[in-house]
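The values are calculated or read from the model by the stated rules, or taken from the named source; none is laboratory data. None of these values were measured; they are calculated from a predicted model. So basically every Cβ, Gly included, is an ideal-geometry build from the backbone, and we count neighbours across all protein chains shown. Remember, those area values only see protein heavy atoms, side chains included, never the ligands or the DNA or RNA. Shrake-Rupley method; radii C 1.70, N 1.55, O 1.52, S 1.80 Å.
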Amino acid sequence: MIRERENGIAYGGIILTASHNPGGPDEDFGIKYNTGNGGPAPESVTDAIFNATKKVTQIKFCPNIPTIDLTKIGITTIKKSTSSSNGVCDTFTVEVIDAVEDYAKLLSTLFDFNKIRTLLNRSDFSMCYDGLSGVAGIYATRILQDILGAPASALHNCTPLPDFGGHHPDPNLTYAHDLVEIMGLTREGTINQQKINDHVPDFGAAQDGDADRNMILGKRFFVTPSDSVAIIAANQAAIPFFANNGGLKGVARSMPTSCALDRVAESLNLRLFEVPTGWKFFGNLMDSASLGGPDYNPFLCGEESFGTGSNHVREKDGLWAVLAWLSILAYHNQNSNTPLVSIENIVRRHWEKFGRNYYCRYDYEGVQTADADSCINALRTRITNFQNQKQTNSNYTETLSGGFTLATVDEFRYVDPVDNSVSDKQGLRFIMSDGSRIVYRLSGTGSVGATIRVYIEKYEADPTKQDKPTAEALKELVHIAVNELGQIEKFTGRKEPTVIT
Ligand code: MG
């Protein structure tokens, strides 16, 4: 909406939003400011706003503003008023718009709606979309149901509720449990044997409370967010926004996101960026050309925390990802007389070609800040020692258990190629000689303690070994991450992580 109205009208936008916290005075509800490019305000702007608030000496109110009916689309002009002793209210206009209309129009320029419609019409195709009682439901109803023809029965929880119906609208295997069950999966992402005789839809998707994140599921099959962005890149021909604009020029992932995207970028000769966690880093790359740098658009990016997007906006976009996957399905199912090519087929073919990056994340929440610091500092020391050895012997490696060889270690530091800003201490990386990785990050050092996140990833090129449950495939690396390198129990007393995703 900001981008659509940027030419002289919208300088920026104040957004009342929260991913999964309900509204109300006692809730942790967010107010964000996005700038004219549509993306989150950079630190330079938020710092300036904060400094300005320190100089506020008076607050003026403008009384007697007539009530505007927010249910009616149209423009209301409020005339200049000097009737108040508190100050003068200049003439201004309030326009109530249909945000869904704007968004649907934008999406219709990015995707081939007819092809998606044809897919949704197939008698052998069914889908299930869960709005998790968040704001996405309004968009999904208009776009998936009214415009693209999905049956109403395919859309669940698409009426937004102030308290999300008591649910936690987080599109992952834990919180989107109703959808996960309908799709024949367990919360570990494995096949739910108790549902093995049930009818399961071919495609499942969910979004979070403010619609920016997404989860994609196939029939009894979970697509990891890291795989999702890689597979969208490999299937860019299915998406007119990419295909009709000369194909992808740049792709990017947040550092902890698996390296699946790197394999695609290498094979398709795409410029790849590995950036710190935070969408503004992607936004900068998308705006590179307008800031006098090289043009990386069309651009695709994603992060392991269920965020996917392209340069059509400057935020992650959940429904965009849903339509991207429907487009990919439609692309692989152009002949309606042949059996349906499933999400699982598409992902497995992708792994056969590019290899599979087994991936999981361990979160240790609410750790005492001092304990978390000790753990991270010990890892930092290990990195320094390793790098010192490497300086005297460039072939230096360390043998770990399970036949893994530690080849490269560092603390991730990012120099933004667009504005040259530097982001330090963005995660500790331990990279094995076979490309497997363990990454540690510390976040949320507030009053409730810190969260240690451990990202564990193993690359498997051999198609005969790509069918293991993730937990089994990563067993040895998890042992290395938790015990050998991290020594997490020793430092934090935690025997198990709070959440595994
Ligand atoms: Mg969100």
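The requirement of being away from the ligand (no atom under 16 Å from the Cβ) and either under 20 Å from the mean Cα position of the chain (by Cα) or open to solvent by 20 Å² or more (accessible area, probe 1.4 Å) (or both) is not satisfied by Asn172. Pairs under 6 Å by beta carbon, first residue open to solvent by 70 Å² or more (accessible area, probe 1.4 Å) and of a type in the set (Ser, Thr, Tyr) in the stretch 388-408, partner modelled with pLDDT of 95 or more and not in a strand (DSSP E or B), six or more apart or different chains? Here the result reads none, with nothing in the stretch 388-408 linked to a residue that is modelled with pLDDT of 95 or more and not in a strand (DSSP E or B). Among the criteria (1) within 30 Å of Arg220 (Cα to Cα); (2) crowded, with 21+ Cβ neighbours inside 10 Å, the one Lys465 does not fulfil is (2).
Which residues, counting only those in the stretch 263-298, are over 16 Å from Asp416 (Cα atoms) and in contact (Cβ under 8 Å) with a residue 12 or more places away in the chain?
Keep residues of the stretch 263-298 that are over 16 Å from Asp416 (Cα atoms), which gives 263-270, 297-298.
Once the filter is applied, which keeps residues that are over 16 Å from Asp416 (Cα atoms) and in contact (Cβ under 8 Å) with a residue 12 or more places away in the chain, the stretch 263-298 yields Arg263, Val264, Ala265, Ser267, Leu268, Leu270, Asn297, Pro298.
Among residues of the stretch 313-327 that are assigned by TED's automatic domain parsing to the domain that holds Gly209, those with a Cβ under 9 angstrom from a residue that is of a type in the set (Lys, Arg) and surrounded by fewer than 24 Cβ atoms within 10 Å (Cβ to Cβ), sequence gap 6+ or separate chain, pair up as Val313/Arg3; Arg314/Arg3; Arg314/Lys280; Leu326/Lys115; Ser327/Lys115. When the stretch 53-81 is filtered for residues that are assigned to a loop (DSSP other than H, G, I, E, B) and either open to solvent by less than 100 Å² (accessible area, probe 1.4 Å) or touching a residue at least 60 places away in the same chain (Cβ under 8 Å) (or both), the ones remaining, listed by number, are Val56, Cys62, Pro63, Ile65, Pro66, Ile68, Asp69. Pairs linking a residue in the stretch 155-179 that is not assigned by TED's automatic domain parsing to the domain that holds Gly318 to a residue that is at pLDDT 90 or above, with Cβ atoms under 7 Å and 6 or more positions apart or on different chains, do not occur.
When residues in the stretch 1-37 are screened for being modelled with pLDDT under 70, open to solvent by 50 Å² or more (accessible area, probe 1.4 Å) and within 16 Å of the ligand (Cβ to nearest atom), 3 of them pass.
Results for (1) crowded, with 24+ Cβ neighbours inside 10 Å; (2) of a type outside the set (Asp, Glu); (3) modelled with pLDDT under 95; (4) in a loop (DSSP other than H, G, I, E, B), shown as yes or no for each residue.
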position: Ser290; (1), (2), (3), (4): no, yes, yes, no
position: Gly293; (1), (2), (3), (4): no, yes, yes, yes
position: Leu300; (1), (2), (3), (4): yes, yes, no, no
position: Thr308; (1), (2), (3), (4): yes, yes, no, no
position: Arg314; (1), (2), (3), (4): no, yes, yes, yes
position: Leu319; (1), (2), (3), (4): no, yes, no, no
position: Val322; (1), (2), (3), (4): yes, yes, no, no
